[in-house]
1. Pick from 180, 137, 164: which is most flexible by mean-square fluctuation in a GNM of the chain where alpha carbon atoms under 10 Å apart are linked?
2. On full extension of the chain, what length is gained from residue 216 through residue 81, given 0.36 nm per residue of separation minus the C-alpha to C-alpha distance?
3. With a 1.4 Å probe and all protein chains left in place, how much of the accessible area of the chain comes from carbon and sulfur atoms, in whole percent?
4. In a shell of Cβ-Cβ distance under 12 Å around residue 349, excluding residue 349 itself, what net charge do Lys and Arg (+1) and Asp and Glu (-1) give?
5. In this model, which of 235/371; 267/357; 163/306; 235/362; 173/371 are farther than 19 Å apart at the alpha-carbon?
6. Placing +1 on the Cβ of each Lys and Arg and -1 on the Cβ of each Asp and Glu in the chain, which of 231, 275, 314 has its Cα farthest towards the positive end of the resulting dipole?
7. May I ask you to rank 247, 197 by accessible area, largest first, using a 1.4 Å probe over the protein chains only?
8. How high is the FRET efficiency from residue 307 to residue 268, r the C-beta distance, R0 22 Å, rounded to 0.05?
Amino acid sequence: MAGAVLLAVLLLGGGLVNRALAQAKAATGSKGPTAGEAFKNVTTSTLKGLTVADFLQSMGVISADLGLDCADCHPGAGSDKVDWVFDTPRKRMARQMVEMVATINKTNFGGAQFVTCFTCHHGRLRPTSTIALDALYGPPNEEREDVVTPVTGGPNANQILDKYIQALGGAQKLASVTSYVATGSSEGYGGLGGTGTMQIFAKAPDQRTLQISFKDHPERGDSTWAYDGKAGWIKSPRSLLGQYEVTGSDLDGMRVDALLAFPGQIKQVLTNVHMGNPDTINDKEVDVIQGAGPGGVLVTLYFDKKTNLPVRMVRYGKSPVGRVPLQSDYGDYRAVNGVKFPFQYTFSWLDGRQSFKLSDVKTNVPIDAAKFAKPTPTAAAKK
């Protein structure tokens, strides 16, 4: 349903739900209606005050936490005959559960978000109440905690970031890159939807656009995530809204992506950076650091101990029903004019996964400002 994510969480615990709602409402300002105003039957107390963008992220959290698809609650979703408004028994039950989660946190944890949909459901429609013995005597639970517990001993976070900057080519080389255009191919999860063409346009210090097009299937339209340094837009022709301006916490997430597109800025972008326990990602031993970006966006980075290059970044958005994860995985680093870029890149969010393979990166090239502006609506979105 949505294409990007963010979060305004505290590093040492969940933020207060009421505070998050107040921030979300304030963030809408002149940016358009709240979810309760924009949609006919969004009535739950914790969802109706969200921005439309953050509401869509919350829907992604609910569907992922219960292992469902949009069509499981919205008849005809994914087709031209979708009915978003019709109240199914499952939708009515979901509203009750959302209110229940809010009440549990308010009554027992002072409003801090300790209980979410995932706490009980773990990707299942009906929560299980008894552990399976195969699980008890099987491999340990590999689920990672969102908030990384700081550890002492060994290298500190600043030392890891220094090694990262040096591994990419050094601070001077990184500072010399003021723009770049990356071109390659894009493939959806499991090969669904065929192969498209992707481009990333980036201009320092904080402008970034990702575009995916399908030249062999122009009827599908182009998908775009654009951020011009202040405002952001998502264009996804087959989604609920087709195209919309990003607001609320989701906008902060786009800003983090744009700033970290120029990694020489990382020490200025992230604050309260600390080390976590070492981990393993895809059979690689990694150092783990976590910090907060603009707007309090929680960012976790995993660095290969051998190369000092990142293999994964996860940033989290916040919603009343649980954190909103967005994950980027990197590989096949190659030097372009003395600076290393990942030529393999996988972008995963709650409603999809795209795998990119770059074929070309051009640095310090002029980029038309229109590339970062509001995308041109598709014919369907104009109607």
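The values are calculated or read from the model by the stated rules, or taken from the named source; none is laboratory data. All figures in this text were calculated on a predicted structure; none of them were measured in a lab. Cβ placement follows ideal geometry from the backbone for every residue including glycine, while neighbour counts extend to all protein chains displayed. These area figures cover heavy atoms from the full protein model, side chains too; ligands, DNA and RNA do not enter into them. Shrake-Rupley method; radii C 1.70, N 1.55, O 1.52, S 1.80 Å.
1. Residue with maximal mean-square fluctuation among 180, 137, 164: 137.
2. Details: separation 135, 0.36 × 135 = 48.60 nm, distance 2.49 nm.
Full extension from residue 216 to residue 81 adds 46.1 nm.
3. Values: 10080 of 19300 Å².
Accessible surface attributable to carbon and sulfur in the chain totals 52 percent.
4. Details: positive: 315, 353; negative: 250, 257, 351.
With Lys, Arg at +1 and Asp, Glu at -1, the net is -1.
5. Working: 235/371 13 Å; 267/357 28 Å; 163/306 11 Å; 235/362 25 Å; 173/371 25 Å.
In this structure, 267/357; 235/362; 173/371 lie more than 19 Å apart at Cα.
6. The residue sitting farthest along the positive end of the dipole is 231.
7. Ranked from most to least accessible, the order is 197, 247.
8. On the way: r = 24 Å, r/R0 = 1.07.
Rounded to the nearest 0.05, the efficiency is 0.40.
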